[in-house]
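Inspection log for the structure reproduced underneath, given as structure tokens.
The values are calculated or read from the model by the stated rules, or taken from the named source; none is laboratory data. Worth saying up front: this structure is predicted, and the values here are computed from it rather than measured. Here Cβ is always computed from backbone atoms with ideal geometry, including for glycine, and neighbour counts include all displayed protein chains.
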Amino acid sequence: MSRVGKCIDNGPMEGFWGILKRERYYGNRFTRKESLVIMIENYIRYYNFKRLQRNLGVLTPMQKHCLYKAA
């Protein structure tokens, strides 16, 4: 996240948390904090390495990152 008063990343982060809640949180009941933390960690891993995104050219975020890095 950026510094206070610098909201450049607020929109993408709000979008990410909205997607996470829609795909993994709503409809589930978490009885322990540990199970919620594990779900979030697993989802972040899934989102970065396996979830294809149309706005990235049907690539995962990590695939897109590697393409930028190689260029």
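In segment 2-26, of all residues being part of a loop (DSSP other than H, G, I, E, B) and within 22 Å of R51 (Cα to Cα), the one that is modelled with the lowest pLDDT corresponds to D9. Residues in segment 27-59 that are in a loop (DSSP other than H, G, I, E, B) and basic (K, R): 4 in all. Cβ-Cβ distances below 6 Å connect the following pairs, each with a first residue in segment 27-49 that is farther than 28 Å from C66 by Cβ, a second residue that is aliphatic (A, V, I, L, M) and assigned to a helix (DSSP H, G or I), and a separation of six or more residues or different chains: F30/L36.
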